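Quick notes on the structure that follows.
The values are calculated or read from the model by the stated rules, or taken from the named source; none is laboratory data. Note that the structure is predicted; figures quoted are calculated from it, not measured. Cβ coordinates were reconstructed from backbone atoms using ideal geometry, including for glycine residues, and neighbour counts include every protein chain displayed.
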Amino acid sequence: MVVERQDRIGRTLREARQERAKQDPRGFSLRAVAGRLGVSATYLSLVERGQERPTEAFLRRACTELGLDPETLLPLAGRLAADVAQSLIERPELVEAVRMLRAMPEPELRRAVRRIRDGEW
Amino acid sequence: MDLLPDNRLEFAFPEIHPDAVLQIEFQRTLRVPDDGQHHHLPPGLGRFPLRGVDELDPERVPTHWLRRGGMVMPMWQAEACWLRFSSPAGYPFLLKVGAGKINAVTGAAWRNEPDFGNQDYVEVPSQPWLDGFKTDDGTVRQFVAMPLGCGYTVEEQITGEAWWGGVQLLAHPLKGQVWQRRMAEEQRRQAERERRMAEIQRQMAEWLRREEADFFSFCRLHLSETITRECRRPSGRGALAMGLAPGGSIRQEIERARERRSNWELSARARCFVHLANSEVWRGITGEAPPTVPPSAADYTRAGLPWFDWYAEQPMADPPSRPSVLRRVRSVCQLSRAKGETVLPENESFPPPRPVRLRRPNRAARLDGRR
């Protein structure tokens, strides 16, 4: 299961990088992207092949670089965003809330989220 | 915040009280001429469609819209709108309205906290609608959509930036116990009050229904393409979005706030960012056609269709020592003349028609804390 998830993360990152490389082959080569992310090309290659479990900080930087949503990739890496982890520690009732929401049908969940979402503005 | 199937926004606070439900809708309307006259209230031509940002294909929606959440609404360039506020049970709400994060009542930069000293909000249901930016005591400058980046929106005129656009809404409900007490005191009066409120809405609906057939025969003016070409194409993130600019002047009073500060449940609030999409963007992100362009105010008036008047019982007045910054903003027409641009398709004046006077609910039959 863990390997499968790492494969998915790696594939997503690789596909996003290769998609951008079609427009800008040099700017989005493995080496160029690794350089901008402050890691070695070997590390990035291992992550892209699902052979390395990326850290939260690395995943966030990579997602920003490649225009991906880190919130969907972090759980695949078995990482809980630091602010989410902190919230669960501070308010344990949130754990129960997540369990309840888990069983909710998709449209109902979207509606519930829309009701409480404040937005960034 | 929820979106009802009939394109009304609903802010419900069931944890405060089952009656704590506020509904807000954006009404399509005529753009009043910007000719130095103070016009009567224009009619409502039906609700603008709304779509939840979270319901749209994220690939087609700008990332900053996704972050801000809320709703998307289509508007043609230079189209006008007004906002209607209601609460099914007459539950009082404190409501702040912004455009481009500029407060529509005071012209101040947006703050989430209400300013009780210098009233920067309206109270619902005593304020049933808002047609524009409050520029003077008893007048507003109509809300008119303009592309961000052209310099016309209130946001750009006040801050010099074309960053936010859209409309911002924030509501606080009355405290549940205050409502409960009032209910117990005035339950008998409520039925009468609701009947009166329904009567106001029925009066408007009746006028519209009667004249609708004539009215929509000249709705298809296809103005938008001309206008879009004549306004400089904005660049960057602004190109997608619209903001509200000040249009012609309308006689509309803002009711003075009457609720005590301590009556508001300030620990509970709901907010919504309503993004304004131009018609092409709306088509692109929803796959649906936007509503048709409304007729001109002059054509509407020539057809003998009604305008409206409504007066606040106790209008809010700006302190003479602190004139609103909104008095200094220039209307779309004034600014376009100064720039040598033509952004309004028409601005024809007409002799003022006799308006239909909308009545208020009976003073004794309200639950909004007025005496």
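Does segment B:187-194 include one or more residues that are in contact (Cβ under 8 Å) with a residue 40 or more places away in the chain, under 22 Å from the mean Cα position of the chain (by Cα) and surrounded by fewer than 24 Cβ atoms within 10 Å (Cβ to Cβ)? Give the steps one after another, and end with the answer.
To start, the set of residues in segment B:187-194 that are in contact (Cβ under 8 Å) with a residue 40 or more places away in the chain comprises B:189-190, B:192-194.
Now restrict to residues that are under 22 Å from the mean Cα position of the chain (by Cα): none.
No, segment B:187-194 has no match at all.
Could you say which residue among A:R110, A:R114 is within 14 Å of chain B (Cβ to nearest Cβ), within 21 Å of the chain's Cα centre (by Cα), modelled with pLDDT under 90 and part of a helix (DSSP H, G or I)?
Unique residue meeting the criteria: A:R110.
Out of curiosity, is B:E79 more than 26 Å from B:P323 (Cβ to Cβ), of a type in the set (D, E) and more than 14 Å from chain A (Cβ to nearest Cβ)?
Answer is yes for this residue.
Which one of B:F93, B:F116 is surrounded by fewer than 19 Cβ atoms within 10 Å (Cβ to Cβ), away from chain A (no Cβ under 14 Å) and more than 21 Å from B:T159 (Cα to Cα)?
After ruling out the rest, the residue left standing is B:F116.
In a loop (DSSP other than H, G, I, E, B), touching a helix residue (DSSP H, G or I) at 6+ places or on another chain (Cβ under 8 Å), at pLDDT 90 or above and farther than 27 Å from B:S126 by Cβ: which single residue out of B:E348, B:E288 fits that description?
Checking each option against the conditions leaves just B:E288.
Can you tell me how many residues within segment A:68-107 are within 14 Å of another protein chain (Cβ to nearest Cβ), under 18 Å from the mean Cα position of the chain (by Cα) and at pLDDT below 90?
Qualifying residue count for the region: 4.
Would you call B:F11 away from every other protein chain (no Cβ under 14 Å) and either in contact with a helix residue (DSSP H, G or I) (Cβ under 8 Å, 6 or more places away or on another chain) or surrounded by 22 or more Cβ atoms within 10 Å (Cβ to Cβ) (or both)?
The answer is no for B:F11.
From B:Q157, B:Q177, B:Q190, grab the single residue that is modelled with pLDDT of 80 or more and either more than 24 Å from B:Q142 (Cα to Cα) or small (G, A, S) (or both).
Just a single option satisfies the conditions, and that option is B:Q177.
Would you kindly identify the strands (runs of 3 or more DSSP E) lying entirely within segment B:95-201 that contain at least 2 residues that are closer than 24 Å to B:D34 by Cα?
B:132-136, B:139-147
Can you confirm whether segment B:320-337 contains a residue that is surrounded by fewer than 20 Cβ atoms within 10 Å (Cβ to Cβ), touching a Gly at 6+ places or on another chain (Cβ under 6 Å) and at pLDDT 85 or above?
For segment B:320-337, residues surrounded by fewer than 20 Cβ atoms within 10 Å (Cβ to Cβ), touching a Gly at 6+ places or on another chain (Cβ under 6 Å) and at pLDDT 85 or above: present.
On the given criteria, is B:A298 surrounded by fewer than 20 Cβ atoms within 10 Å (Cβ to Cβ) and at pLDDT below 85?
Against the criterion (surrounded by fewer than 20 Cβ atoms within 10 Å (Cβ to Cβ) and at pLDDT below 85), B:A298 does not qualify.
Tell me, which residue of segment B:57-76 that is outside any helix (DSSP H, G or I) and within 9 Å of chain A (Cβ to nearest Cβ) is surrounded by the most Cβ atoms within 10 Å (Cβ to Cβ)?
Checking each candidate, the answer is B:G70.
With the requirement that a residue be farther than 19 Å from B:L244 by Cβ, in a loop (DSSP other than H, G, I, E, B) and within 14 Å of chain A (Cβ to nearest Cβ), what does segment B:32-56 give you?
B:L56
Return the only residue of A:A21, A:A62, A:A34 being under 25 Å from B:P58 (Cα atoms), at pLDDT 90 or above and under 20 Å from the mean Cα position of the chain (by Cα).
A:A62
If you check A:R79 against the conditions, is it assigned to a loop (DSSP other than H, G, I, E, B) and exposed (fewer than 11 other Cβ atoms within 10 Å of the Cβ)?
Against the criterion (assigned to a loop (DSSP other than H, G, I, E, B) and exposed (fewer than 11 other Cβ atoms within 10 Å of the Cβ)), A:R79 does not qualify.
Quick check: is even one residue across segment A:81-97 touching a residue at least 24 places away in the same chain (Cβ under 8 Å) and farther than 28 Å from B:D57 by Cβ?
So far as segment A:81-97 goes, yes, one or more of its residues are touching a residue at least 24 places away in the same chain (Cβ under 8 Å) and farther than 28 Å from B:D57 by Cβ.
Could you list, in sequence order, all residues of segment A:26-68 that are in a loop (DSSP other than H, G, I, E, B) and either out of contact with any Leu (no Cβ under 9 Å at 6 or more places or on another chain) or not assigned by TED's automatic domain parsing to the domain that holds A:L13 (or both)?
Hits for segment A:26-68 are A:R26, A:G27, A:S29, A:G38, A:V39, A:S40, A:R49, A:G50, A:Q51, A:R53, A:T55, A:G67.
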